[in-house]
Amino acid sequence: MYKVLLVDDERMILDGIAMIIDWKTLGVQLIGKEKNGLDALNFMEKYQPDIVITDITMPGLDGLGLVAKCTELYPDIKWIFISGYNEFEYARKAMRYGVKHYLLKPCNEQQISEALTDVIKEKENEEKAIHFLQNIKDEAGNLLFSEKEDILKQISQRAMAHNRRRTQKYSKVIQQIIDYIHDELDNPNLSLQWLANEHLFMNADYLGKTFKKEVGQRFSSYVTNARMNCAVEMIEKDPDIKVFELAEKLGFGTNPQYFSQLFKRIKGVTPSEILKSLD
């Protein structure tokens, strides 16, 4: 079970988040609450949390300073930033440290839970990849030198094949839905009803309830988050890409304005602000 640390200088927010989130259902444990970055840093040295949910603006050591110090000390920690300031500079700096989740206050239970679900999946996938590679190394270590040469030639192919296979954490039908989602992010017709009719030939209401139960969020929320995360990756790969191109490539057709609104709601900034900062 992953350990979570909350950091916020506002006691009401700190206690509020601690109370509204169903930590056990998400598969995590809340192990601490700290009111500033310095206290959080001391706590982390003792208890080593896996996930940190932190405010950005705090006295002493703010959230950006905290993640900067921890990038080298605790590189495996996953971060979720929460801020009452809708300023792009914060989000841009957070992204430099690999922070993918930037929530604006006031954020609700669903937004925080969805962000937690995403970082939990990231950690699980990373750990499985490490375990897989360690098995490969152990296997190679037991071979004679001549045999190692042959097996090493196969490692990269096997690793790539492993990475292409999605983790079978869910039931078969839900895993199919997740696979279809990531394959159809550019499809403006992507919906649970469309998948039910065109691919799965099952009742959409049943699929929706099952998806929410297993994944922990609604189908539509999962699709939106997947598209916004993909947008960030596309911007990182191609800083010259246009907003309307992002919208088209991510299933929003000729409605880049709606795409930008969703992006800002989830990431805290518009794609145009990110692109402008990269000029």
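Being in a helix (DSSP H, G or I), surrounded by 16 or more Cβ atoms within 10 Å (Cβ to Cβ) and touching a strand residue (DSSP E or B) at 6+ places or on another chain (Cβ under 7 Å), is that true of even one residue in the stretch 209-223?
no
Here's the yes/no breakdown for (1) part of a loop (DSSP other than H, G, I, E, B); (2) under 22 Å from the mean Cα position of the chain (by Cα):
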position: 5; (1), (2): no, yes
position: 19; (1), (2): no, no
position: 29; (1), (2): no, yes
position: 45; (1), (2): no, no
position: 49; (1), (2): yes, yes
position: 60; (1), (2): yes, no
position: 75; (1), (2): yes, yes
position: 81; (1), (2): no, yes
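Of the residues that sit in the stretch 86-121 and are within 13 Å of residue 217 (Cα to Cα) and either modelled with pLDDT under 75 or small (Gly, Ala, Ser) (or both), which one is surrounded by the most Cβ atoms within 10 Å (Cβ to Cβ)?
Ranking the qualifying residues of the stretch 86-121, first place goes to 115.
Can you name the residue in the stretch 16-51 that is among the acidic types (Asp, Glu) and more than 30 Å from residue 214 (Cβ to Cβ) and is also modelled with the lowest pLDDT among such residues?
So, considering only residues that are among the acidic types (Asp, Glu) and more than 30 Å from residue 214 (Cβ to Cβ), the one modelled with the lowest pLDDT is 45.
Quick one: would you say residue 13 is in contact (Cβ under 8 Å) with a residue 40 or more places away in the chain, under 30 Å from residue 215 (Cβ atoms) and buried (at least 19 other Cβ atoms within 10 Å of the Cβ)?
no
Listed here are the residues, each with its yes/no results for (1) closer than 22 Å to residue 103 by Cβ; (2) assigned by TED's automatic domain parsing to the domain that holds residue 27; (3) surrounded by fewer than 19 Cβ atoms within 10 Å (Cβ to Cβ); (4) not aromatic (Phe, Trp, Tyr).
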{"position": "191", "(1), (2), (3), (4)": "no, no, yes, yes"}
{"position": "201", "(1), (2), (3), (4)": "no, no, yes, no"}
{"position": "205", "(1), (2), (3), (4)": "no, no, yes, yes"}
{"position": "226", "(1), (2), (3), (4)": "yes, no, yes, yes"}
{"position": "237", "(1), (2), (3), (4)": "no, no, yes, yes"}
{"position": "241", "(1), (2), (3), (4)": "no, no, yes, yes"}
{"position": "274", "(1), (2), (3), (4)": "yes, no, no, yes"}
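For the stretch 243-269: of the residues being in a loop (DSSP other than H, G, I, E, B) and in contact (Cβ under 8 Å) with a residue 12 or more places away in the chain, which is surrounded by the fewest Cβ atoms within 10 Å (Cβ to Cβ)?
Among residues in the stretch 243-269 that are in a loop (DSSP other than H, G, I, E, B) and in contact (Cβ under 8 Å) with a residue 12 or more places away in the chain, the one surrounded by the fewest Cβ atoms within 10 Å (Cβ to Cβ) is 253.
Scan the stretch 154-170 and give yes if some residue there is within 30 Å of residue 262 (Cα to Cα), at pLDDT 65 or above and loosely packed, with under 14 Cβ neighbours inside 10 Å, otherwise no.
Looking through the stretch 154-170, none of the residues is within 30 Å of residue 262 (Cα to Cα), at pLDDT 65 or above and loosely packed, with under 14 Cβ neighbours inside 10 Å.
Does residue 275 count as hydrophobic (A, V, I, L, M, F, W, C) and in a helix (DSSP H, G or I)?
Judged against the criteria, residue 275 is a match.
The values are calculated or read from the model by the stated rules, or taken from the named source; none is laboratory data. Just so you know, these numbers come straight off a predicted model, no measurement behind them. Positions of Cβ are generated from backbone atoms using ideal geometry, with glycine treated the same way; all protein chains shown enter the neighbour counts.
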